[in-house]
Structures are given as structure tokens and as C-alpha cells.
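Enquirer: Structure below; questions to follow.
The values are calculated or read from the model by the stated rules, or taken from the named source; none is laboratory data. Everything numeric in this text was worked out from a predicted model, so none of it was measured. Positions of Cβ are generated from backbone atoms using ideal geometry, with glycine treated the same way; all protein chains shown enter the neighbour counts.
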Amino acid sequence: MITLKEALTKSNEEMETLRQELEEKAKASGLNAYVGFESSGEGVPILIKDNIQVKDWSVTSGSKILQGYIAPYEATVIKNLKLKGMMAFGRANMDEFAMGSTTESSFYGATKNPHATDRVPGGSSGGSAAAVAGGIAIAALGSDTGGSIRQPAAYCGVVGMKPTYGRVSRFGLASYASSLDQIGPIAQNVEDAAILYDAIKGHDDKDSTSADFEIEDIANNLNPEVKLTIAVIDNYISEADEDTQRAYAKTVQKLEEAGHSIVHKKMQNTKYDIATYYILATAEAATNLARFDGVRYGTRAESKNTEELFYNSRSEGFGEEVKRRILLGNFVLSSGYYDAYYVKAQKVRHLIRDEFNTIFEDADLILSPVAPTVAPKIGASKDPLEMYKSDMYTIAINLAGLPAISLPVAKDDEGMPIGLQLIAKAFNEKTLFDGAASMEKALNYNK
Ligand code: GLN
């Protein structure tokens, strides 16, 4: 597949021909990575996760409840893409409302992993990652609330990047957990991810949590020769499977050979990550999803009165995982439990962020697994708690608001990709991408 960098040198006519080819290939692929083939604008086609508004498109967040909804406005990231020679093409499959780690909770059915079609591509941005890995998208946008860009990128052997909270506008992104959500790129390599990140980043008055300072473009100044101090969290790694640990050790060695210094650290609060995230994310989700009532958007169920209208529309429109999270979220917010769960989780969130900041006093980057295993088989993630546990390496980064990038580093014996992530200080995307470019070069890893 042509890279994003190369594609940006081509004419609009060439890109229109390529867009048609991608559509045909995607339909024939059987991956179920695209759930729509709408297009908007001219230029290099970029696949868009189905929770990002593109004006006049049907946008559904992978949910039955939004069937029939047409986006009346454009997300800021889409406007920004169009200013940089790119266009929105196709809607990528995803877990319903971005809640999940496998893309199996989508109303459109599961997406398949191009490396083994009986396996999941990860989630929730599984369609975006599978399409880039499967050669049916040049690059894609995903969203990451607790790992949803980085984990599918790792499972599919591509590059996925979550920006610092506030660096990319959330205007036009369907909210899952507003204090954690960020849009970011999924691409074939680090440079392409930087090009796409450069295009979408920046201040936006329409997002009140958007950082109000600009930073320089990264892709043009990418420095793979940088020498950094990289922290390894010793007590963290042992929870990953053997193949991942082996890939980790080899990567550390290659980074040292490339001239980086490695420092060994420990983190005490990691055992609270999953509980803290699933309290805060579900609390925010329950609040955000209250707006889907059958009156204002999408599907409306048969009913005799208003109460039944809400009840039936929500019962029929939401899938099982979304309902579970609404129940959990309303529980932790309810009177009598609010202090014990929600308030306490907010306090722990601060401890988690402080612990990262302490490590960054001695290190430029942290190297970490993305997931404890490679992509599981389709249908194997039936136990929700087991699925939540598989987010152990990604969610703390969202709780702390940090930028991180997932890179493919190896394959297991069955040919399934293994990814590792680099994590940087808030708003230090330049160091993050330089480190990633260096790691990509040092590993010389061929997918
Ligand atoms: N797997 C996590 C969850 O289910 C993260 C999802 C995401 O980042 N959108 O909440």
C-alpha cells in the first residue's frame, strides 16, 4: 500500500482512482472493517472511525440506536484534514460507543484481524486498525479513551498514537468518557502517523478542554537519531505473556544499542488502574449516553407514552455491553455510593498521574507493553471482567492524560503481531515521535 507521505504527492485524480480501488478491495476483503463508503472532499482518502461526525454522513458509533442519524455538522479534525490535502472516506467499524476491546460489540458484527481472520482486530478502533493492516486504507482516524487506538494497532501490527488530552479537538466526536477521549492516527509507519497527527492537532474554541497553545509540526522535523532516557517499569512487565516479555527484552536491547539510556523504575499504583478507569469511564458514559432517548437522535421504538418511548428506545437501541456500563456508571454516581466510588476514583486518578510525573523527572519516555497477550480469537472474550483486565497497560495513560504511541515490534509463533508503546510527558509529542522513529529504525522490523 502506498504510504500517506507518498499519497500526498499525487493528484486528486489519482487519489479518486485509488479511493475506488480501496472500496472494491474492502468489499471483497471479508474483514468487515468498513461499515460505510461515504466520501467527503478531495485528496488522499482517510478512513474515519464511525464515532466522528462528517457532515451529511450517516454516523452511528457502531450502534443500533443511531441508525438513521445524519451528522448535521463536521468534526474539527475532519475540517483540519481537508486543509492538508486529505479527505474523509469510509466509516470504520468499532465497538458500540467505543466500549470494548475487540470490536465484537458493534451493531454491524465483528471485524476480522487480517493476520488471522478467526481473531479479533482489537478495539474499539478495530475497523481502523484492520483496514490499515489489511491494505484497504492508507491511514485512519481512531479514538482512544482507554487504549482504543493503541491496542488495535498492536493487535494488527500497525502504528497507533494517542495524543495528550487537549491536543486534538474532541468537537464532533461522540462522547464516551469526556475526560479521557482523544482522537488520533492509525498508520502504516511512524512518519505517516506524525503527518496525520500534525494535520488534526491544534487549539479549537469549540472544545473547552482544548489546549490553547500551538506546537510545531513534527513530521518534517522527525529525528530518529535522538538519544533519550527511557524508563522500564520492572514490576509491570511480568504480567504480560512470555512472547510479549521476550519482545520487550529484545526491544530494550535494541534501544540501548541505538544509544538510548535505560533506567529501571517501579510503579506502586498500577493495581488500581482498572478499577479507577472502569468507575470513571462508566460514570461519564452513563451521563453522556443519557441523551439517546429516542426523541432527539436515531432509532425510535414503538411506544404508547413518553416513559415507554425512552424505555423501549434505550432497551432496543443499546447493546449488552453499553447497557452494562450505563448501569455501572449510574450505580457509582448514585447517592450513598458516590463518595465511596466516584470521588475515591478521582483521588486515585491524581495519584496515578503524580506517579507518572515522578518517573518523568528521570526519564524522557516510558516503554511498556500495550496488551498482555496477542489478539484473542473471535468469541473468546465473553467474560467482561477478563476483557476489562486486558486493558491493564493502556488505561492509566488516559487517566493521566499523557501521549503514547504503539509500534509493532515482533510476531509470535503463530504470526500474530506484538506491539509495545512509548509514553511521554504531557504535550511532549515531539519527543514521543522522535523516540518512536528511533525505535522503528533500531528494530528494522518488517511486518
Ligand atoms: N477497552 C476500553 C473500554 O472498553 C477502552 C475503550 C476505548 O479506548 N474507547 O473502555
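Enquirer: Could you check segment 8-43 and list, in sequence order, the residues that are assigned to a helix (DSSP H, G or I), over 21 Å from Ala193 (Cα atoms) and in contact (Cβ under 8 Å) with a residue 60 or more places away in the chain?
Expert: Result: Glu23, Lys25, Ala26, Ser29.
Enquirer: So Thr251 passes all but one of these: (1) outside any helix (DSSP H, G or I); (2) within 24 Å of the chain's Cα centre (by Cα); (3) surrounded by 16 or more Cβ atoms within 10 Å (Cβ to Cβ). Which condition number does it fail?
Expert: Going through (1) outside any helix (DSSP H, G or I); (2) within 24 Å of the chain's Cα centre (by Cα); (3) surrounded by 16 or more Cβ atoms within 10 Å (Cβ to Cβ) one by one, Thr251 breaks only (1).
Enquirer: Inside segment 381-398, can you point out the residues that are more than 10 Å from the ligand (Cβ to nearest atom), touching a residue at least 24 places away in the same chain (Cβ under 8 Å) and surrounded by fewer than 22 Cβ atoms within 10 Å (Cβ to Cβ)?
Expert: The answer is Ser381, Lys389, Met392.
Enquirer: Then there's this: If the Cβ limit is 6 Å and pairs must be 6+ apart or interchain, which residue in segment 213-238 that is closer than 22 Å to Asn444 by Cβ and among the β-branched types (Val, Ile, Thr) pairs with which residue that is assigned to a loop (DSSP other than H, G, I, E, B) and modelled with pLDDT of 95 or more?
Expert: Ile230/His260
Enquirer: Collect the residues in segment 81-101 that are closer than 23 Å to Glu14 by Cα and surrounded by 24 or more Cβ atoms within 10 Å (Cβ to Cβ), keeping them in residue-number order.
Expert: Leu81, Met86, Ala88, Phe89, Gly90, Arg91, Ala92
Enquirer: Please work out if Val370 is crowded, with 20+ Cβ neighbours inside 10 Å, out of contact with any Leu (no Cβ under 6 Å at 6 or more places or on another chain), at pLDDT 95 or above and not small (Gly, Ala, Ser).
Expert: Taking the combined requirement at face value, the residue satisfies it.
Enquirer: Could you check how many residues of segment 297-324 are in contact with a Leu (Cβ under 8 Å, 6 or more places away or on another chain) and charged (D, E, K, R)?
Expert: So the answer is 1.
Enquirer: Just need a number here: residues in segment 128-153 that are assigned to a loop (DSSP other than H, G, I, E, B) and either acidic (Asp, Glu) or at pLDDT below 95 (or both).
Expert: 0
Enquirer: Still on this model: Please determine whether any residue of segment 327-335 is in a helix (DSSP H, G or I), aromatic (Phe, Trp, Tyr), modelled with pLDDT of 95 or more and under 18 Å from Ser179 (Cβ atoms).
Expert: No, every residue in segment 327-335 fails to be in a helix (DSSP H, G or I), aromatic (Phe, Trp, Tyr), modelled with pLDDT of 95 or more and under 18 Å from Ser179 (Cβ atoms).
Enquirer: Only one of Arg296, Arg314, Arg300 is more than 16 Å from the ligand (Cβ to nearest atom), buried (at least 16 other Cβ atoms within 10 Å of the Cβ), at pLDDT below 95 and among the basic types (Lys, Arg). Can you tell me which?
Expert: The match here is Arg300.
Enquirer: Continuing with the same structure: With respect to Glu355, is the statement that it is within 28 Å of Cys156 (Cα to Cα), assigned to a helix (DSSP H, G or I) and either touching a Ser or Thr at 6+ places or on another chain (Cβ under 7 Å) or of a type outside the set (Gly, Ala, Ser) (or both) true?
Expert: The answer is no for Glu355.
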